Amino acid sequence: MTTRARGHSSAGPLTYAALALVTAVSLFPLLWTAVAASHDSARLARTPPPLWFGGHLPHNLRVAWTDAGLGLALANTVLVAGTVALGTVLCCTVAGFAFARLRFRGSRPLLLLTVGTMMVPPQLGVVPLFLLMARLGWAGELRAVVLPALVSAFGVFFMRQYLSGALPAELVEAARVDGAHTGRVVWHVVLPAARPAMVVLGMLSFVQSWNDFFWPVVALTQENPTVQVALTGLGRGYVPDQAVVMAGALLGTLPLLLAFALLGRRITGGVMQGALKG
Amino acid sequence: MTATSPATPTTPAAPTTGTLPQDPPASRGARLHRWDVRWGPYALIAPFFLFFAVFTLLPLLYTGWASLHRIELTAPERAEWAGLHHYARLLRNPLFWNALRNTLVIGVLSTVPQLLTALALAHLLHSRLRAATFWRVALLTPYATSVAAATLVFSLLYGRDHGLVNWVLGALGAGPVDWQNGTWSARLAVSSIVVWRWTGYNALLYLAAMQAVPDELYESAELDGASRTRQFLHVTVPSLRPTILFTVVVSTIGALQLFGEPLLFGGAGGQKGGASHQFQTLGLFLYEQGWFTYHLGRACAVAWTMFLLLLLIATGHGLARRLLRKDG
């Protein structure tokens, strides 16, 4: 990533100005969320709108955390997104390895099926999914949102593409000749080779699951919500206090923003890597 | 495409059984080994396909079946054959056409500016830049913001009486806009949320593709005295065509299923998409049919119609790819 086109001119002041402008537009709504969350609702209902922080932030955060259930929602979301990321990485890595390096009957049609349905939005199946969860008695429970998200066709394709390049066929064969069974090959050869792509896939799945919207809103209730469901409750007027709504939006976004700030280079690199493979 | 492993699965196992037929433990090991080589791959793909079939493929197929039946949310186990009734009804329903139109309009309003801006941004990011990582992370922060959080903030910013946007417009001498209740203003506002969230992400996709363009192309263009703008138009954009096509398809599919932004922008009765359904998308229409009027069969018909539209997009994508390949 550090290799830069040598024939490329370095950025002039105009480039920096344009980037600064777009960055400001990108960051402003987030900053203003914090500003709005630090006033009371009476202040938000006056013109001109506040442009600097007020003193109500701790109070609003506390109300959002307890009354609007953001505390429970955050804990739930960490659990859901963590499980989803872990499951996606494990299932997709071994399946991607099988498609990249093993020969078996039906591998081509199965891979085609996977790639062909990669783009189909899962929300088109919400009605049967809802009926299924209701029948199983899982509606409103976290497993109703975890299970459908636990694997991803994109993940299989992504890992297959990565391992096709990063895992030499000879390495797998050598292990085979030494008499290693499939489980040993996966553990000692595949997982070490796949680690960089597993990290990328894990991060992408975590972000996606954290922000997953349609199905959780349909499947869960305000009693046991994820962050997105709780924020939807806020937005649809269950809590009429706008300042508290903003405090909730802030709480629901902050963990991912912190992760992005800490892991910046890895995450941007991951998105760009995912792009090349996809 | 690169999986050209020369090993046929049975070769390592066969000689073992052949040379040591009398030795019971070895032959048992060999049998196990052969069994493992044969069935191991299926064990590896089984977890994925199990979940994929139960929670993605079957629901999708069942949606098609259910769209031909009358099913109510209140008694979902009773399904009556309805034939194409739901589809005929859908085509006669002005609200369906309204939702389709809104989806297309908001789709264009959000996809076109988003991808054009992203392309320009990627071009800026591709130059030799100080603090390159900072710019990238900053542009990606909207992607880290969820639909719900983003829409809640934008709804407040677009408030009619005390919103920041109207305050700025007022300072510039323009009258206040009733963003939520106007037709075009609401569509614009909803689109702006999509643009805000996805522009930086797409810019990074384009940047990745730009970095893969061979330097020699730029060097020879520079030798020919091409300006940066000309290099962008004649070297960068043509090299990026596959990526551009890919992002067009992904954004179009995203636009087709737009749901969270209009739902939350609409406040308490969000599933209607505004007082006169002026920003009700197909996703919202599906939700309203299924969970507010309790007609699951009709909701499935909407879902299956969206699926057909998706196939149309995919076909278009395939055709475009073939044309591009012919071009060179």
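Here, each number is a calculation from the coordinates, and none is a lab measurement. In this text the structure is predicted, and so the values were computed from the model without any measurement. Methodologically, a virtual Cβ is constructed for each residue, glycine included, from the backbone with ideal geometry; neighbour enumeration extends over all protein chains shown.
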| remark: Computed, not fitted: 222 nm per-residue ellipticity of chain A from DSSP H runs ≥ 4 (each -39500 (n - 2.57)), nearest 500, equal to -22500 deg cm²/dmol
| query | Amide H to amide H under 5 Å from B:HIS69: which residues, 5+ apart in sequence or cross-chain, H placed 1.01 Å off N in plane? | reply | B:ALA82
| message | With every atom except the alpha carbons ignored, what do you get for Rg and Dmax of the range A:69-277, in angstroms? | response | 19.6, 68
| Relative to the Cα centre, what is the charge dipole magnitude of the protein assembly as shown, using +1 at the beta carbon of each Lys and Arg, -1 at the beta carbon of each Asp and Glu, and rounding to the nearest 20 debye? | 1000
| message | With angles folded into 0 to 90 degrees, how steeply does helix A:191-210 sit against the dominant principal axis of chain A? Use alpha carbons for both and round to 10. | response | 30
| If you take the charge dipole of the range B:89-327 about its Cα centre, with +1 on Lys and Arg Cβ and -1 on Asp and Glu Cβ, which of B:LEU263, B:ALA174, B:ALA144 is farthest toward its positive end? | B:LEU263
| remark: chain A: relative contact order from alpha carbon pairs under 8 Å, six or more residues apart, as a whole percent, is 31
| request: Tell me what chain B gives for mean residue ellipticity at 222 nm when only DSSP H runs of n ≥ 4 count, each as -39,500 (n - 2.57), the sum divided by the residue total, rounded to 500 deg cm²/dmol. | output: -22000 deg cm²/dmol
| query | With helices defined as uninterrupted DSSP H runs, which ones in chain B have an alpha carbon span along their own long axis of at least 24 Å and mean Kyte-Doolittle hydropathy of at least -1.0? | reply | B:24-52, B:94-125, B:183-211, B:296-327
| remark: In nanometres, the difference between 0.36 nm per residue of separation and the alpha-carbon distance of B:ARG241 and B:LEU311 is 23.1 nm
| said: Which GluC sites (Glu not before Pro) in the range B:150-237 sit in a loop by DSSP (not H, G, I, E or B) and have at most 11 other Cβ atoms within 10 Å of their own Cβ? | reply: none
| message | For chain B, set up a GNM with springs between Cα atoms under 10 Å and report which of B:ALA221, B:ALA122, B:ALA301 has the largest fluctuation. | response | B:ALA221
| query | So for the pair B:SER276, A:TRP52, with labels modelled 7 Å out along Cα→Cβ, what separation do we get in nm? | reply | 4.3
| message | Cut-off 17 Å, label point 7 angstrom out along Cα-to-Cβ of A:HIS59: give me the residues of the range A:239-256 whose amide nitrogen falls inside. | response | A:240-248
| field | Fully extended contour minus Cα-Cα distance, from A:ALA34 to A:LEU258, at 0.36 nm per residue | value | 79.2 nm
| note | If the label point sits 7 Å along Cα→Cβ of B:VAL250, residues of the range A:175-202 with amide N under 19 Å come out as A:197-202
| request: Please find, in a Gaussian network model of chain B (springs between Cα atoms separated by less than 10 Å), the residue of B:ARG28, B:ARG298, B:ARG187 whose mean-square fluctuation is greatest. | output: B:ARG28
| Given A:PRO50, A:CYS91, B:HIS86, which one lies farthest toward the positive end of the charge dipole of the protein assembly as shown, if we put +1 on the Cβ of every Lys and Arg and -1 on the Cβ of every Asp and Glu? | A:CYS91
| query | Ranking A:TRP138, A:TRP215 by Cβ neighbours within 10 Å, fewest first, what do you get? | reply | A:TRP138, A:TRP215
| Descending semi-axes in whole angstrom, ellipsoid equivalent of the range B:53-111, from the Cα gyration tensor | 27, 18, 10
| Can you give the relative contact order of the range B:47-169 as a percent, counting alpha carbon pairs under 8 Å and 6+ residues apart? | 8
